[in-house]
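Notes for the one structure printed next.
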Amino acid sequence: MPLEALVAWAWGGGGAGARVGLALSSWLPLAPLACAFFSARLLLLLPPTTSPDCRPHGTPNASQAEDTGDTGGGGFANASWTLPCALLRTTAVTQWGLVCSEQWKVPLEQATFLLGWILGYLGFGSVCDRFGRRTAFVTSLVLSVPLGFAVSLATSYAMFVLTHLLFGATLAGAFLSLYVGRLELCGPAHRLTVTMLSGFFWVAGELLLPGLAAACKDWRLLQAAVTLALALMALCWWCPSLFPESARWLLATHQTEEGKAALRSLAEGNGVQLEEEQLFAELDNLSEGEPKYSSVWQVFCTRVVWKNSLILGFTTFIGSGIRHSFTRNLPPFGPGFYFAYFLPAVSEALALLFLCLAVDRFGRRAALLAGTILTGLSSLLLLALTQYLESWLVLSFSVLGLLASQAVSALSVLFAGEVLPTVVRGAGLGLILAAGAVGALSTPLLDIRDSRGFFLHHVVFASFAILSVLSIMLLPETTSKPLPDSLRDGEEQRRPPLFRPRRRSGRQDHLPLLAARPGGQHHPYDPESYARLVTATKKMRLGGQAVSSEPVPKEDE
C-alpha cells in the first residue's frame, strides 16, 4: 500500500531522537488528563472527619467495594471509604452533605461523569473524521478549561453534576484524538510500542494525583489545579509541530496538497532526505476536487469491518465491566485508601509492560485470546470458590484477573484502531471506547442500590468473558500489517488460521496445482503443461467433445 509506505518512510527514515520527540508530544498530555479523570474519585470521597453511612467513624461498609479506573474511563471509589488525613480535608460530599439519606447522589454523580465520557467519545469521534485529529484535540482542550473552572466554582449539586458531565466529555475528546493521531503517525513496526508506552504516562498521572491533592487540601483547589494544567497544555500544544495533523487522514480523505505538506513536514522533522518526485509519484493518482469524508454509519453497511468492530467493542466492554468483580475483593486485604488506589495502578503498568513484550511476538489475536481466557477463569474461580479458598488465594486470583482485564481493555482498543479504516477511525474508535465506559458504568449503578445485584453482575460478565473467546477467533491478525485507509481496505482483511507457522514467505496464496517437490522447491512453470490443463478444462465444459490437444493460442490462455 503506497500510503502506508510513505507514512512508514517519513516516520522511520530519520533519527531515533526525532521520533522520540514526536512521540513524547503525544504522550505528555496523558498525565494531566489522567489527573483530571481520577480526581473525580477524590472529590467524592469522605474526608476523615466525617462518619460514613451514618455509622461510628472508622467502620466503613465492607460490602461496598472500591473500584478503579482505566484509559477507557471507569471506576470510582464508593463514598463509604474515607480519605487519609494527609489528603483533602473538604470534598464535594461535605460541601452538599451527600451522606446518609443523600448518599445515593454520590454514585449518581459518578455515573453522570462517565456518561460525559461516553458522549465525548461519540461526539468528538465524528469531529476527528470530519475536521481532523489535531482540530479535535485542540478544540476539546480549549473547551475543557472554562468547564473545569466551572466545576471548581459550582454553587450547587445540580451545577456540579452538569459541569462535571460536560468536563468529562471534553476530556474524552482530547484522549480520543490523541490516541488516533498517535496511531496514525507511526509505522507498523512502532505502533505497539508507541501506544503502550503512552499508557505509562496515564498511570504516572494517576500515581501523582494523591500528591497534588495533599498539596491542595481543598477539593475546589484540586479541581482548579488540574484545570490549570490543562490550560497550560492547551497553550503549548497550540503549536502545530507538537501535535501535527495526520498525513494519513489527509490523504485518505483526498486532501492531497495538505497531505503532501504534512508528510513533508513529518519527514523533514525526522531528518529524512526529501526526494519529492519519487516520494509523491504514487499520490498523483489520488482524485482531485472536493475532500471525501465518510460517516460512521457507513460502517454498519459493511460486513468485515462491522464484525471486527462488534467483537472488539464487546471485549472492551467486558474488560472494563468485569473489573469490579476483582477490585471488590481488595479492601479486606488492605482497608486503607492507598492500597486500593495504588494496587490497580501498578497492575495496569504491569499489564502494559506484558503487552509491550509479548504481543508482537505472539500476535494481537493470540494475546487477546489468552488475556480473555485468564480473565474469565479468574472470575469463575472467584465466583464459585471464594468461600472455600484461603485469603491469599482470593487475593492472588483477584490481582490476576485485574491485570488480565486491564490487558484485554488496552489491547482491544489498539486492535480496534488497527482494523478500522482511516476514514472512520475516529468515530469507530469512539464507539469502542464508549463501550468500555458503558461497562465501567455498571459500578456506580450498582452502588446506587447499595451493591444489591452484584452476584448477578459477576455471573453475567464471567459468562460474557467465556463467550468472547469464541468470537475472538474470527478476528484478523494485524501485527506488522498496514493500517486500512478506506472501507474497501477494511473489507479485505481476512481471518488467518488460528495455528500456523510463525513465518511465511510473503503474502502469497497457497496454490495446490503448484505443489512443492519433496526437496522443497516448486516445479518450474511449463507452458505445455498449462496448455494441456486448459484443454482438459475445455473438454469438461463441452461435455466431452473433442478438443485439439495442440497448445492453446495466447489469447485463450
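The values are calculated or read from the model by the stated rules, or taken from the named source; none is laboratory data. Note that the structure is predicted; figures quoted are calculated from it, not measured. Using ideal geometry, Cβ is built from the backbone for each residue, glycine included, and neighbour counts are taken over all protein chains shown. Remember, those area values only see protein heavy atoms, side chains included, never the ligands or the DNA or RNA. Shrake-Rupley method; radii C 1.70, N 1.55, O 1.52, S 1.80 Å.
A few remarks follow.
- Gap separating the Cα centres of the stretch 152-184 and the stretch 359-425, nearest whole Å: 27 Å
- Each peptide in 296-303, 40-47 gets a packing score, the mean of other Cβ atoms within 10 Å over its residues, and the list from highest to lowest is 40-47, 296-303.
- If the segment from residue 488 to residue 24 were pulled out straight at 0.36 nm per residue, it would be longer than the present Cα-Cα gap by 163.8 nm.
- In whole angstrom, the stretch 138-264 maps to an equivalent ellipsoid with semi-axes of 33, 18, 12, each derived as √(5λ) from the alpha carbon gyration tensor and ordered largest first.
- Computed from the C-beta positions of residue 241 and residue 193 and an R0 of 22 Å, the FRET efficiency is 0.50 to the nearest 0.05.
- Couplings for the stretch 157-172, taken from phi via the Karplus curve 6.51 cos²θ - 1.76 cosθ + 1.60 with θ = phi - 60°, read 4, 4, 5, 4, 5, 5, 5, 5, 4, 5, 4, x, 5, 5, 4, 5 Hz in order; Gly and Pro are left as x.
- With every protein chain in place, the stretch 322-388: carbon and sulfur % of accessible area (1.4 Å): 73 percent
- Linear extension gain, residue 357 paired with residue 102, 0.36 nm per residue minus alpha-carbon span: 87.1 nm
- A protection proxy built from the mean count of other Cβ atoms within 10 Å ranks the segments 466-477, 397-408, most packed first, as 397-408, 466-477.
- Surface share of carbon and sulfur [accessible, 1.4 angstrom probe, percent] for the stretch 198-265: 75 percent
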